[in-house]
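Notes to accompany the following structure.
The values are calculated or read from the model by the stated rules, or taken from the named source; none is laboratory data. Since the structure is predicted, the reported quantities are computational estimates derived from the model, not experimental observations. Glycine gets a Cβ as well: all are built from the backbone with ideal geometry, and neighbour counts include every protein chain shown.
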Ligand SMILES: [Zn+2]
């Protein structure tokens, strides 16, 4: 019976019976896995406050059968990222990224870079929620996560005819092809939408930014809007569904915000699987 011992983030949890929990983890060594914690709702000794969303934990468990849920014996808290739960904008942004991971990651596919990105994201959300370039950083995290999921947009030439950026003033983004199409080819891609040269240039440069520049960067409203539309169109195309956390995140990132999180903050669906979303009240 293979033992499992790893660090992980809590990305979803669902009540299962009177005392058990189905817990979705994003682990450092195995990527996303669905697990069951027997007695997890009652045992504070084996699960001492370690099952809150966003928490980074160290867990021990075992795999009884290759197709069965991983069983968790115990789960120790390493970093709670408590501040995310205490500020609405951070909380709802965090839930949006949890939903991306939950929907778009296949199970048991290791992705250490994505694990590291989640750590960077949660650290950002917990420590600098009122940073003046908050929305810009969220756009950059969106771009990073779609790249690490394998959906990196191609923004250098028309994917239909091969025409380069320098030869046409107008370009469109086609989620189906995963990149740009030129004005001449756009009629063959009815779902493509226009994207400005400024946004194309900024997104092409964004991959080369170091942390210092990321913290200083601010997008113009047009670049921010077009970047968000492009990333979300890609995520929708690859996941095949709308993200339920997206609308509420957009509302709380674009308006002035109350400070405290209302109760209840969130409930979890009774369903299990990568296409099962978080549900908001
Ligand atoms: Zn073309």
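Here are 8, 58, 68, 83: which of them is free of Cβ contacts under 8 Å to residues at least 40 places away in the same chain and at negative phi? Write out each step before concluding.
Numbers: 8 fails: free of Cβ contacts under 8 Å to residues at least 40 places away in the same chain; 58 fails: free of Cβ contacts under 8 Å to residues at least 40 places away in the same chain; 83 fails: free of Cβ contacts under 8 Å to residues at least 40 places away in the same chain.
Of 8, 58, 68, 83, the one residue that is free of Cβ contacts under 8 Å to residues at least 40 places away in the same chain and at negative phi is 68.
Table: residues versus (1) outside any loop (DSSP other than H, G, I, E, B); (2) modelled with pLDDT of 95 or more.
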{"residue": "78", "(1), (2)": "yes, yes"}
{"residue": "91", "(1), (2)": "yes, no"}
{"residue": "113", "(1), (2)": "yes, yes"}
{"residue": "117", "(1), (2)": "yes, yes"}
{"residue": "126", "(1), (2)": "yes, no"}
{"residue": "130", "(1), (2)": "no, no"}
{"residue": "166", "(1), (2)": "yes, no"}
{"residue": "172", "(1), (2)": "yes, yes"}
{"residue": "180", "(1), (2)": "yes, yes"}
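Considering only the range 193-220, state which residues are modelled with pLDDT under 90, surrounded by fewer than 17 Cβ atoms within 10 Å (Cβ to Cβ) and assigned to a helix (DSSP H, G or I).
Within the range 193-220, 211, 212, 213, 215, 216 meet the criteria.
Output the qualifying pairs, or none if there are none: Cβ atoms under 6 angstrom, residues six or more apart or on different chains, first residue in the range 29-55 and part of a loop (DSSP other than H, G, I, E, B), second residue at pLDDT below 85.
Going by the 6 Å Cβ cut-off, there are no qualifying pairs.
Does residue 138 count as more than 10 Å from the ligand (Cβ to nearest atom) and within 23 Å of residue 239 (Cα to Cα)?
Details: more than 10 Å from the ligand (Cβ to nearest atom): yes; within 23 Å of residue 239 (Cα to Cα): yes.
Yes.
Say whether the condition of being within 11 Å of the ligand (Cβ to nearest atom) and more than 22 Å from the chain's Cα centre (by Cα) is met by at least one residue in the range 201-218.
Just the residues of the range 201-218 that are within 11 Å of the ligand (Cβ to nearest atom), to begin with: none.
There is no residue in the range 201-218 that is within 11 Å of the ligand (Cβ to nearest atom) and more than 22 Å from the chain's Cα centre (by Cα).
From the list 151, 173, 115, 157, which one is closer than 24 Å to residue 208 by Cβ, in contact with a helix residue (DSSP H, G or I) (Cβ under 9 Å, 6 or more places away or on another chain) and more than 16 Å from the ligand (Cβ to nearest atom)?
Working: 173 fails: more than 16 Å from the ligand (Cβ to nearest atom); 115 fails: in contact with a helix residue (DSSP H, G or I) (Cβ under 9 Å, 6 or more places away or on another chain); 157 fails: more than 16 Å from the ligand (Cβ to nearest atom).
The unique qualifying residue is 151.
Any idea which residue in the range 184-200 is farthest from the chain's Cα centre (by Cα), counting only those that are farther than 20 Å from residue 222 by Cα and within 11 Å of the ligand (Cβ to nearest atom)?
Checked the range 184-200; the qualifying residue farthest from the chain's Cα centre (by Cα) is 184.
Checking residue 251 against (1) modelled with pLDDT under 90; (2) over 18 Å from the mean Cα position of the chain (by Cα); (3) over 28 Å from residue 32 (Cα atoms): exactly one of these is not met. Which one?
Against the list (1) modelled with pLDDT under 90; (2) over 18 Å from the mean Cα position of the chain (by Cα); (3) over 28 Å from residue 32 (Cα atoms), residue 251 comes up short only on (2).
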